[in-house]
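In what follows, a single structure is set out as C-alpha cells and then discussed.
The values are calculated or read from the model by the stated rules, or taken from the named source; none is laboratory data. Keep in mind that what you see is a predicted model, and the values were worked out from it rather than measured. Glycine also receives a Cβ, built like all others from the backbone with ideal geometry; neighbour counts cover every protein chain displayed.
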Amino acid sequence: MTAIAEALPPEIEDFRRQVLDFAEREVLARHDRHAELLDDPRARYDGDGRLQPEVVELIREVRTASAREGLFVACVPEDLGGGGHGHLAYYAGWQTLFHRLGPRPWLLLHVIAHWAFGPSRLLSQLTDQARERFLPGLMDGSKIMCFGLSEPGAGSDLSALATRAERDGDGWRISGRKIWTTHGPIADYCVVFARTGEQGITAFVVPTGADGFRRVRVVALFGDIGGDEAEIALEGLYVEPWQVIGEVDRGLAAALYGVSLGRVYNSARAVGAGRWAVETALDYAQKREAFGAPIAEYQGVTFPLAESATELHAAHLMGRNAARLLDRGERAIKELSMTKAYSVQAGLRAVDRAMQTHGALGFTNELGLTEAWKALRVVNVADGSNEIMNRMIARQLLRGDTDL
Ligand SMILES: Cc1cc2nc3c(=O)[nH]c(=O)nc-3n(C[C@H](O)[C@H](O)[C@H](O)COP(=O)(O)OP(=O)(O)OC[C@H]3O[C@@H](n4cnc5c(N)ncnc54)[C@H](O)[C@@H]3O)c2cc1C
C-alpha cells in the first residue's frame, strides 16, 4: 500500500533501506544488548547528570560503524568527502529511523550525521587548517561537536546575543555564556557564535578542551536526573583566524542555515515518531478488551488515531515537499516553517493520543511513549518555536509570498 503518489528517487529509496537495515543490525541489536544501561536513567547518567562513559562509547560505536558503511556522511556535501545526498534524503533517512525506533533516541540520533553534532554543509566554509584538524574525526564518527548559539538572554531573538569576541593580536578572546547546547556535555568541538562588531556575529570552531571553555553544568529537562544539554561559560577563550567559519561578521547566515537543517530533521523526527505511536496504539487497541469487546470497536478510541494518521500524512507530504524545494536551491522559508510547526504539533498529538489509548499503561516508562512525548514536546521550542515559525510564515505572507 502506497500513501504517497510521488515515489522517492531510487538512490534515496536505497539509502532509506540501508539506514533501516543498519538500524536493525547496529542500533536495535546494540540497544537490546545494553537495555539495562540505556533504558534506566539511573544507569545512563552519572551523579553530575552526564552520560556514563559506557553510553558515550556506545554512541561513538554507532557513529563509526555508520561512517564505515557510508551512511553517517551520506548527506554531507561531496566537497567535504560526504555522499552528496541532499535534504530529501536527510528527511527520508530520519523519518525512517524514528518510525522504526520510535522512542529510543540515545543511539539512533547518531546514525546519520546530525547538522549540530556532526559534519554538514555548515562546515563547507572551514579554513584549510580547520578542515585538516577537525574534519577527519567528524567524518569518521570518532568525534562529535555541538552548536553554541543560544544564550541565557538570547534564544528566539538573536539580536540580543551577548557573547563577545574582542580583538587580541591576530585573534580574538571570547567571553560569554551559552545554554541549551545539545551534546555540550560530551562534545569534542563546539561551533561558537560571538558578536564581533556592533552588527556582526562570527562563527568560530573550537576544541572543547581549550583553556577558557568551561562546561558549567548539564541542564536536565522534565525532572530527569541527567541530560544532553549543557550550559557553557566562555572565559577569555582565545581563537585564531583559522578558526573562523566563513567570513568575520557574517556568521549568522551559517547559524540560520544550520537551524533550517534542524527544521528538516525535527519535521522528519516528529512524523516518524508519530507514526510509530499510532501503530503502537492500533496494535494495542485490537488486543485490549473492555466492556466485552476490543477497545478498537469504540470510535472514541479509533477516531483520535484516524485524526492523527491524517495529520501525519499531511505533515509527511509537507516535509517531502519542503525538502524537495530546498534541494532545488530555494530557501523555502514559508514552507519549511509551516512544515516544522505543523509536524511537531501533529507528532506530539499522535503520541499523546497513543498514550490515551493505552490507559494507565501509556504513562509507564516501558512502552517509551512518555520518552517520545518528552522528545517531541521540546522540539515545539527547539530550532525555532511554533510561535517563531508562525512569525516567519506571516512575514512571508505579508511580503506577498501567498502561494499555497
Ligand atoms: C531540547 C533543546 C535543545 C536545544 N539545543 C540547542 C543547541 O544545541 N544549540 C543552541 O544554540 N540552542 C539550542 N536550543 C535552544 C533553542 O534554540 C531555543 O530554546 C529557542 O530558540 C527559543 O529560545 P528561548 O528558549 O530562549 O525562548 P524565548 O526566545 O525566550 O521565547 C520564550 C517564549 O516567547 C515566545 N516568543 C518569543 N518571541 C516571540 C514573538 N516575536 N512572537 C511570539 N512569540 C514569541 C517563544 O515562542 C517562546 O514561547 C535548544 C532548545 C531545546 C529545548
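Given (1) assigned to a loop (DSSP other than H, G, I, E, B); (2) surrounded by 18 or more Cβ atoms within 10 Å (Cβ to Cβ), where does residue 232 come up short, assuming only one miss?
Every condition holds for residue 232 apart from (1).
Of these, 93, 70, 118, which one is away from the ligand (no atom under 16 Å from the Cβ) and in a loop (DSSP other than H, G, I, E, B)?
It is 70.
Determine whether residue 122 is out of contact with any Cys (no Cβ under 8 Å at 6 or more places or on another chain) and outside the structural domain of residue 176 (by TED's automatic domain parsing).
Considered against the rule, which asks whether it is out of contact with any Cys (no Cβ under 8 Å at 6 or more places or on another chain) and outside the structural domain of residue 176 (by TED's automatic domain parsing), residue 122 comes out as yes.
Among the numbered criteria (1) over 20 Å from residue 99 (Cα atoms); (2) surrounded by 17 or more Cβ atoms within 10 Å (Cβ to Cβ), which single criterion is violated by residue 367?
(1)
Which one is farthest from the chain's Cα centre (by Cα) among residues in segment 302-333 that are acidic (Asp, Glu) and closer than 24 Å to residue 400 by Cα?
330
Of all residues in segment 163-185 being free of Cβ contacts under 8 Å to residues at least 40 places away in the same chain and in contact with a strand residue (DSSP E or B) (Cβ under 6 Å, 6 or more places away or on another chain), which is surrounded by the fewest Cβ atoms within 10 Å (Cβ to Cβ)?
Per the stated criteria, the residue is 166.
Determine which single condition residue 366 fails, assuming it passes every other condition in (1) in contact with an Asp or Glu (Cβ under 9 Å, 6 or more places away or on another chain); (2) without any contact (Cβ under 8 Å) to a residue 24 or more places away in the chain; (3) in a helix (DSSP H, G or I).
(3)
Can you find a residue that is surrounded by 19 or more Cβ atoms within 10 Å (Cβ to Cβ), at positive phi and either part of a helix (DSSP H, G or I) or touching a residue at least 60 places away in the same chain (Cβ under 8 Å) (or both) anywhere in segment 36-49?
yes
Pick from segment 123-150 the residues that are within 13 Å of the ligand (Cβ to nearest atom) and buried (at least 22 other Cβ atoms within 10 Å of the Cβ): which of them is farthest from residue 256 (Cα to Cα)?
So, considering only residues that are within 13 Å of the ligand (Cβ to nearest atom) and buried (at least 22 other Cβ atoms within 10 Å of the Cβ), the one farthest from residue 256 (Cα to Cα) is 144.
For segment 250-271, which positions are more than 13 Å from the ligand (Cβ to nearest atom) and farther than 19 Å from residue 356 by Cα?
250, 253, 257, 264, 267, 268
Collect the residues in segment 210-263 that are of a type in the set (Phe, Trp, Tyr) and under 24 Å from the mean Cα position of the chain (by Cα), keeping them in residue-number order.
Once the filter is applied, which keeps residues that are of a type in the set (Phe, Trp, Tyr) and under 24 Å from the mean Cα position of the chain (by Cα), segment 210-263 yields 213, 222, 257.
Is it true that residue 179 is modelled with pLDDT under 95, closer than 30 Å to residue 42 by Cβ and not assigned by TED's automatic domain parsing to the domain that holds residue 38?
So residue 179 fails the test.
Would you check which residues across segment 347-397 are closer than 29 Å to residue 42 by Cα, near the ligand (Cβ under 10 Å from one of its atoms) and of a type in the set (A, V, I, L, M, F, W, C) and list them?
375, 378, 379, 381, 382
Residue-by-condition table, conditions (1) outside the structural domain of residue 273 (by TED's automatic domain parsing); (2) within 28 Å of residue 369 (Cβ to Cβ); (3) out of contact with any Asp or Glu (no Cβ under 9 Å at 6 or more places or on another chain):
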residue	(1), (2), (3)
4	yes, yes, yes
36	yes, yes, yes
52	yes, yes, no
81	yes, no, yes
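Could you identify the single residue in 161, 101 that is modelled with pLDDT under 95 and either within 16 Å of the ligand (Cβ to nearest atom) or not assigned by TED's automatic domain parsing to the domain that holds residue 376 (or both)?
On inspection, the qualifying residue turns out to be 101.
Which residue pairs have Cβ atoms closer than 7 Å, lie 6 or more positions apart in sequence or on different chains, and pair a first residue in segment 229-248 that is within 15 Å of the ligand (Cβ to nearest atom) with a second residue that is β-branched (Val, Ile, Thr) and not in a strand (DSSP E or B)?
Short answer, once both residue conditions are applied: 234/163.
What single numbered condition from (1) away from the ligand (no atom under 16 Å from the Cβ); (2) touching a His at 6+ places or on another chain (Cβ under 7 Å) fails to hold for residue 169?
(2)
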